[in-house]
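**Student:** First, the structure itself, so that you have it in front of you.
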Amino acid sequence: MCFVDHVCGVEFQLVPLPKTNPVLIGERWKQYHDCLGLSEIVKDSWDIVQQEKPDLIHLLDFPYNGETRRDQLLGGKLTDNRYHFVRNHGGIPDIKEQAYELEIAGLVRKKIKLTLQELQDPLKFPSVTICHILRPSKSRISGS
C-alpha cells in the first residue's frame, strides 16, 4: 500500500508567472500514479509534450498544463492548432497505432469498430475546417 502523507514542492500557481516561467511540479499526482503502478505515464507524458508542444508556456509538468504564448495568439486572426492550450487531468495516452480501435456500440443501429488507420483515411472521413473559439475558464489569458 502506498500512502501520500506530505506534499513535496509547490503545485499551484497563485500569482502571475515571472518572466523565467518556472515549471511547477505535480508531486501529488506523480505519487498517486506511482502508487497505481503507472509511473511510466509521467515520464512518457512529459516526453510527448516536449516533442509536440515545445513552444507553449509550460505551467505544470504532470498532469500537463500549458498555455499559448502571447506572440502565438497575436500572430494572425486564427491561432494554429499546434499552439492550442493544453489542460490535462492525467497522463497523455501513448497510442499504438496498429492496436488502436474505436468501437461505437449501444444505442446505435449497427455496432462498428474502426481502426486508427480507417479514422485517418481522408476518403472515409474527409477533412473539414471549422473556426471555433475556445478558452480555458479562469485563465490568465482569458482575463476572467
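The values are calculated or read from the model by the stated rules, or taken from the named source; none is laboratory data. Here the structure is a predicted model, which means the values were calculated and not measured. Glycine gets a Cβ as well: all are built from the backbone with ideal geometry, and neighbour counts include every protein chain shown. For accessibility, only protein heavy atoms count, side chains too; no ligands or nucleic acids. Shrake-Rupley method; radii C 1.70, N 1.55, O 1.52, S 1.80 Å.
Residue-by-condition table, conditions (1) open to solvent by 70 Å² or more (accessible area, probe 1.4 Å); (2) at pLDDT below 85; (3) under 17 Å from the mean Cα position of the chain (by Cα):
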site: Asp5; (1), (2), (3): yes, yes, no
site: Cys8; (1), (2), (3): no, yes, no
site: Leu17; (1), (2), (3): no, yes, no
site: Thr20; (1), (2), (3): yes, yes, no
site: Asp34; (1), (2), (3): yes, no, no
site: Ile48; (1), (2), (3): no, no, yes
site: Asp55; (1), (2), (3): yes, no, yes
site: Glu67; (1), (2), (3): no, no, yes
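**Student:** Shifting gears a bit: Inside the range 69-92, can you point out the residues that are open to solvent by 90 Å² or more (accessible area, probe 1.4 Å) and closer than 25 Å to Val128 by Cα?
**Tutor:** Within the range 69-92, Leu74, Lys77, Leu78, Asn81, Arg82 meet the criteria.
**Student:** While we're looking at this one, here's another question. Here is a list of conditions, (1) at pLDDT 85 or above; (2) farther than 23 Å from Gln51 by Cβ, and Leu78 meets all of them except one; can you say which number that is?
**Tutor:** Status for Leu78: all satisfied but (1).
**Student:** So which residues in the range 89-105 are over 30 Å from Leu60 (Cβ atoms) and touching a residue at least 40 places away in the same chain (Cβ under 8 Å), if there are any at all?
**Tutor:** none
**Student:** Inside the range 106-133, can you point out the residues that are open to solvent by less than 100 Å² (accessible area, probe 1.4 Å) and free of Cβ contacts under 8 Å to residues at least 12 places away in the same chain?
**Tutor:** Gly106, Val108, Ile112, Glu118, Asp121, Pro122, Phe125, Pro126
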